[in-house]
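In what follows, a structure is listed as structure tokens, so that the remarks can point back to it.
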Amino acid sequence: MIDRRTVEQIARLARLELDEERVVKLTDELSRILAHIDKLEELDVTDVPPLTHGTGGADVYRADVAGPVLDRDDALRNAPDQADGLFRVPRVIGDA
Amino acid sequence: MTTSDWELVIGIEVHVQLRTESKMFSPAPNAFGGEPNTRTDPYTLGLPGTLPVANRAAFGLAIRVGLAIDAELARYTTFDRKNYFYPDLPKGYQISQLDHPVVEHGKLPLASGKIIRINRAHLEEDAGKAMHEGGPHSVIDLNRAGIPLLEIVSEPDMRSSAEAVEYLTRLKLLLRYLEVSDCDMEKGSLRCDVNVSIRRSRTEPLGTRCEVKNLNSFKAVEKAIEFEFQRHQRCHAAGEPIVQATLLWDDDKEETRLMRTKEESADYRYFPDPDLPPHHVTETWIDDVRKTMPELPWMREARLAELPGITAYDAGVLIQDRSIADFFEAASVVAGDPKAVANWITGELFGLLREHGDDVRESGITVDGFGRLVALVKDGTVGAAGGKKVLAAMYGRPDADPRALIDELGLGQISDEGALREIVQRALDSNPKTVEDLKAGKKKAAGALVGWVMKETRGSANPGLVNKLIGELTR
Amino acid sequence: MQAFPAVATIAQDVRNGGRSARSFTDDALARIDAHGEALGAFLHVDVDGARAHADEVDRRAAGGDDLPLAGVPIALKDNLCTNGVPTTCGSRILSRFIPPYDATVVARLRAAGAVIVAKTNLDEFAMGSSNENSAFGPVRNPWDLARAPGGSSGGSAAAVAAGLVPVALGSDTGGSIRQPAALTGTVGLKPTYGRVSRYGLVAFGSSLDQIGPLSRNVEDAARVLAVIAGGDPRDATCSNDPVPDVVAGLEDGVDGLRVGLPREYFDDAIGDGVKTLVRRAANRLATAGATLIDVSLPHTSYGIPAYYIVATSEASSNLSRYDGIHYGHRTKDAADLAETYERSRTEGFGAEVRRRIMLGTFALASGYYDAYYDRAMRVRTLIRRDFEEAFEQVDVILSPTSPTPAFKLGEKTSDPLEMYLADVLTVTANLAGVPGLVVPEGLCDHDGARLPVGVQLMGPLWSEARLLQVGRWLERTREEAISIPEGAAS
């Protein structure tokens, strides 16, 4: 189950803006989806390892060799806003 | 520092940029500075569809650190995604290591012998740089994004700001010795955050801690710790609770200010990165790295202090830079006098290096040339002043021969006693009044006579010998 | 409309100078021009680029280059990055995005002489099973324009089914190649996870995504796979093991083959028309000397819940990069950075993508991770073990692909959960990493229309060659022809 407060909190984490209508709708939809997902609780998985890495490869490395760089114009070509070779964003307040 | 009933407890997180050719997960070059956004590739920009592939050399450097701090090296290590939004983080997540770091449970000894335990050291990628230059905008340079970082997390084992600074100083020295990082705080290749808490006695559990970020120098670390120590005590005295929080150090105002409290703390939603299969650090790999390990700085310090004439202080200075210590040891063999070599390094050579802004390896001064010059000074072939001129002339000229330079520059010293005795006699003959003064006990008069001889010989007379002869001939 | 010749025939023609790559390309462009819009199958047609590239292929072929796909026109799902050519993922947030690099599969196709003619429509960020979640409008099923072609590779499937291109690439995270192939009467292959490089495939669920071909016949799919498969230094999850020859054994028979029929895949939720055709294929195999064996994949019913946690969790992280800062849509009216993030993302993503980001963010959030993400990853292991145990008894598994043939546009959009549940037969292969091949078996009457049904073959990890061989046999012995549907050429 998921309540309205949790939906709003998750939306903040996901950087999504939800108006009243969307909050109500998503709370309902996610509740019904999670009710189905709760079926997983039927299984005892205590001693089952998680399948975290696809088809079992390991130890894949890249040799430490510097490769080509993108031309700066190409790097910035898709930028919504830029100035003097830099990406430009509304002022950052505070820190991460 | 104020004495206090409270015990100060400090833990430190250090981020060092690793010295590799390319970035942690993509081939874009790893280098400082450069025109903004000129060291990117599709991965660095976080473009859709790009994938990370781990840089093997970064692991090698992490293993080096692990061996140097006598840590456990993970046989199985994995990467996780740390999710948060910030304009300098193009993917919206940083690849880091949460559950299976590459290095765990190390130790770093302080000079007193006290051990600072290191909880873990893990690999991750650096973020880009967001710059705020006033006005309504911030700007982003992604050159730094993706540079490999090793985050070294200590246990809360330090009990004073001095210990914290010593830990950092020694850790930095070690990392530079290992050639893992250049550890330049001004360039941001070494950054640290400190966790501070206080408690009544060492039997009490740790108090609520605050993390201080934005510490740009060891001086700032020291001041920030002291500031927090006082603030925590004031809170206790006033009966106010200490709120677990992340603080920023303001270097101008010399105070911390609140960034966020634990309640507002980010939920990073860590999970194993599905793009990166696990890594195994094998015995063979560890052995290969072990073979390339240099002598640790504190071992070397102890060994150098045993050399004839070398004080503990000299040894401490000489080991600060691995290339200097190497230079010192090799030149001592050539000159046959470690103390004289040490004096010439810490005096003249350091001066020249400072002036030129060079590393000794780039100075063009060879171990052999330097060692021979020190020997030539010692045997009186050239005076100290002349030696300095010769050394300056050797700068940037790896093929320069100090003996030839002495002649070329006319700096050869007259150490021939017979020849000098004759010149000194002339000095006495030409300056009867001064000789009288000298005989009357005016010590300064000897200086005037030496000056006369130096003038006559264009400064090439061995001053020790001149003094001795003046003494003999006026007796 | 006449179908394109087989891929091998086109390539041979071009290499021999019998017909030019340019001529095949112009043919495909003309077909796309005539019929593409009615289907909504394409988001970008690269007329100039395709012609220029075709001319280059002709020069290379004339110079004696051995190009396995010389002059083969191909369409790419628009979540595959193409250098200098828009790549939108069917999303408003990337509506003006032009990648500065090629996906590995794109580079390999080009090197092999294939000519990329167009980018195909898809559910936004490959999230959907009907192709109704594209920001640029739905794709229509050539068999009945009122119906969905399936998704999320709906544009690729419709383009191939309608004969506009001989082959296309799609991507499959929970059935996104196989289900549309089944619903459009085309062949669709999801390779083993790690068989094909994902570099340049815009990530949805990184541990599930695979690129694969959609084609009119099994051999064409095999020939495309042969070009795109194999290790890639840019994708650490891509296997460096040599890829076996997937074409050589295609005409081998099925005598002695052990075919598993998983009982969980034939339950009441599966339509009768679909079951009948899967059984028909099974019986044909039995008659030819294969052994049919009842098997059980006991955790099948946990597939959907596990899948929707794993896929959305990974997606919530993968889609964090679309924040309006470095590329993509940025809102016009934000007061500050926080608003820039929230508004850009809210405006840029469609409802289904937002829903999945919410679900995935929830599943990874502190306090919920263990109950959802971690648990789902463990259930994944159980599903993998189901397959491992089944493949101790059988060589391949034969099953339906989709519970029903193509459904009507709008039929399932009101209830996201209902749409999710329809993926029950395909998500398990992605969770376990095993390959799946869909081959059309025939047509059935459904809901007033005559619609194709595709059967699904699944095999152990890295068994693409075997699946293609069995698929080719089913295709060769099929009792009815699957031609280009009339509706497509309207």
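The values are calculated or read from the model by the stated rules, or taken from the named source; none is laboratory data. Owing to the predicted nature of the structure, the values given are computational and were not obtained by experimental measurement. Heads up, the Cβs are rebuilt from the backbone with ideal geometry, glycines too, and the neighbour counts pull from every protein chain shown. Side chains included, ligands, DNA and RNA excluded: accessible areas come from the protein's heavy atoms. Shrake-Rupley method; radii C 1.70, N 1.55, O 1.52, S 1.80 Å.
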Under 25 Å from B:LYS455, Cα to Cα: lysines that are on another chain or at least 8 residues apart:
B:LYS378, B:LYS388, B:LYS389, B:LYS433, B:LYS439, B:LYS442, B:LYS443, B:LYS444, B:LYS468
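Taking trypsin sites (Lys or Arg not before Pro) as candidate sites, keep only those in a DSSP loop with at most 13 other Cβ atoms within 10 Å, then name the longest stretch of chain C containing none of them. All intermediate terms of the calculation are to be shown ahead of the outcome.
Details: sites that count: C:ARG96, C:LYS332.
Longest stretch, sites excluded: C:97-331.
If you count, for every residue in C:430-438, the Cβ atoms of partner chains within 10 Å of its Cβ, what is the mean? Working shown, then result.
Values: counts 0, 1, 2, 5, 1, 0, 0, 0, 0.
For peptide C:430-438, the averaged partner shielding equals 1.
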Treating only the Cβ atoms of Lys and Arg (+1) and Asp and Glu (-1) as charged, compute the dipole magnitude of the stretch B:295-408 about its Cα centre; round to the nearest 20 debye.
220
Charge dipole (the stretch B:7-288, unit charges on Cβ, about Cα centre) - positive-most of B:GLY128, B:PRO241, B:ASN83
B:PRO241
Within the stretch B:356-386, what residues put their amide N at less than 14 Å from the label point 7 Å along the Cα-to-Cβ vector of B:VAL333?
B:367-369, B:371-372
Using distinct alpha-carbon pairs, which all enter the 1/r mean, Kirkwood radius of chain C in Å
22.2
Which value results for Rg/Rh of the stretch B:417-473 when Rg is the Cα radius of gyration and Rh the Kirkwood radius based on the inverse mean 1/r?
0.92
Decide, for the stretch B:7-288, between rounded, prolate and oblate: order the square roots of the alpha carbon gyration tensor eigenvalues as a ≥ b ≥ c, take rounded if a/c falls under 1.5, and otherwise choose prolate if a/b is larger than b/c, else oblate.
oblate
Solvent-accessible surface ranking, highest first, for B:SER112, C:SER301, B:SER181 at 1.4 angstrom:
B:SER112, C:SER301, B:SER181
Given the whole protein assembly as supplied and a 1.4 Å probe, what does the accessible area of B:THR474 come to in Å², nearest 10?
20
If R₀ is 22 angstrom, what is the calculated FRET efficiency for the pair B:LEU258 and B:ARG234, using the beta carbon separation as r and rounding to 0.05?
0.90
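With a 10 Å radius around each residue's Cβ, average the other Cβ atoms per peptide and rank C:199-205, C:398-404, highest first. Walk me through the intermediate numbers first.
On the way: C:199-205: 27.3, C:398-404: 24.6.
Listed from highest to lowest mean packing, they are C:199-205, C:398-404.
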Inter-site label distance for B:ASP326 and C:ASP48 at 7 Å from Cα along Cβ, in nm
5.6
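Rounded to the nearest 20 Debye, what is the dipole magnitude of the protein assembly as shown about its Cα centre when Lys and Arg each give +1 and Asp and Glu each give -1 at the C-beta? Intermediate values should be presented prior to the final figure.
Details: 121 positive and 155 negative charges, 374 e Å.
It works out to roughly 1800 debye.
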For the stretch A:21-40, list whatever residues lose no less than 30 Å² of accessible surface once every protein chain is in place, relative to that chain by itself, with the probe at 1.4 Å.
A:ARG22, A:LEU26, A:GLU29, A:LEU30, A:ARG32, A:ILE33, A:LEU34, A:HIS36, A:ILE37, A:LYS39, A:LEU40
When the Karplus curve 6.51 cos²θ - 1.76 cosθ + 1.60 is applied with θ = phi - 60°, which whole-Hz ³J(HN,Hα) does each residue of the stretch B:14-22 get, with x for Gly and Pro?
10, 10, 10, 6, 7, 7, 10, 7, 10
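Under the classification rounded if a/c is under 1.5, otherwise prolate if a/b is larger than b/c and oblate if not, where does the stretch A:31-75 fall, given a ≥ b ≥ c as square roots of the Cα gyration tensor eigenvalues?
Working: a/c = 7.37, a/b = 1.98, b/c = 3.72.
The shape class here is oblate.
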Average partner chain C-beta neighbours within 10 Å, per residue of C:192-200?
3
Could you calculate the FRET efficiency of B:MET299 with A:ALA63 from 1/(1 + (r/R0)^6), where r is the beta carbon distance between them and R0 is 45 Å, rounded to 0.05?
0.90
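Kirkwood Rh, Cα Rg: Rg to Rh for chain B? Don't skip to the end; give the middle numbers.
Numbers: Rg = 29.7 Å, Rh = 26.6 Å.
When Rh is taken as the Kirkwood radius, the ratio is 1.12.
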Whole angstrom only: what separates the Cα centroid of the stretch B:125-175 from the Cα centroid of the stretch C:259-293?
62
How many angstrom lie between the Cα centre of the stretch C:233-256 and the Cα centre of the stretch C:56-100?
24
For B:ASP250, list long-range residues whose amide hydrogen, built 1.01 Å from N in the peptide plane, is under 5 Å from its own amide hydrogen.
B:GLU255, B:THR256, B:ARG257
Taking only pairs that are 8 or more places apart or on different chains, how many Lys pairs in the stretch B:7-288 have Cα atoms under 13 angstrom apart?
4
What list of ³J(HN,Hα) couplings, whole Hz, do you get for the stretch C:46-60 from phi and the Karplus terms 6.51, -1.76, 1.60, once you set θ to phi - 60° and write x for glycine and proline?
8, 4, 5, x, 5, 5, 4, 5, 4, 4, 5, 4, 4, 5, 5
Longest segment of chain C lacking GluC sites (Glu not before Pro) that sit in a DSSP loop with at most 11 other Cβ atoms within 10 Å:
C:1-250
The Kirkwood hydrodynamic radius of chain A, taken as the inverse of the mean 1/r over all distinct Cα pairs, in Å, comes to 19.5
For B:HIS105 paired with C:ASP66, estimate the spin-label separation in nm (one decimal), with each label point 7 Å from Cα along the Cα-to-Cβ line.
5.6
Residues whose built amide H sits under 5 Å from the amide H of B:TYR93, excluding neighbours closer than 5 in sequence, are B:TYR84
Name the residue farthest towards the positive end of the dipole of the stretch B:417-473 from the options B:LEU473, B:LEU420, B:GLY441, assuming +1 on Cβ of Lys and Arg, -1 on Cβ of Asp and Glu, about the Cα centre.
B:GLY441
Between C:ALA30 and B:TYR76, what is the label-point separation in nm under the 7 Å Cα-to-beta-carbon projection?
6.1
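Contour minus end-to-end for B:ARG403 and B:ILE286, with contour as 0.36 nm per residue of separation and end-to-end as the Cα-Cα distance?
Numbers: separation 117, 0.36 × 117 = 42.12 nm, distance 4.71 nm.
Between B:ARG403 and B:ILE286, full extension yields 37.4 nm more.
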Based solely on C-alpha atoms, express the radius of gyration and the Dmax of the protein assembly as shown in angstrom.
37.0, 136
Suppose we keep just the DSSP beta bridges with both residues in the protein assembly as shown; what percent of those would be antiparallel, to 5?
80
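Work out which helices of chain B, taken as complete DSSP H runs, extend at least 27 Å along their axis over the Cα atoms and score a mean Kyte-Doolittle of -1.0 or more, then list them.
On the way: long enough: B:218-237 (28 Å, -0.78).
Qualifying helices: B:218-237.
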Using a Förster distance of 25 Å, how high is the FRET efficiency between C:SER95 and A:ALA35, based on the Cβ-Cβ distance and rounded to 0.05?
0.10
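Could you please state how large a percent of the accessible area of chain B is carbon and sulfur, counting protein chains only and using a 1.4 Å probe? Intermediate results must be reported in sequence, preceding the final value.
Working: 10210 of 20340 Å².
Roughly 50 percent, rounded to a whole number.
Would the stretch C:352-482 count as rounded, prolate or oblate if I go by the C-alpha gyration tensor, calling it rounded below 1.5 in a/c and otherwise prolate when a/b exceeds b/c, oblate otherwise? Provide the component values of the computation, followed by the final result.
Working: a/c = 3.30, a/b = 1.30, b/c = 2.54.
The shape class here is oblate.
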3J(HN,Hα) from dihedral phi, the stretch C:333-346, Karplus parametrisation 6.51/-1.76/1.60, rounded to Hz, x for glycine, proline
10, 9, 7, 8, 5, 4, 5, 4, 4, 5, 6, 4, 6, 5
Cut-off under 5 Å, modelled amide H: who pairs with B:ASP41 long-range:
A:LEU70
Test item: Cα-centred dipole of chain B, Lys/Arg +1 and Asp/Glu -1 on Cβ, debye
1200
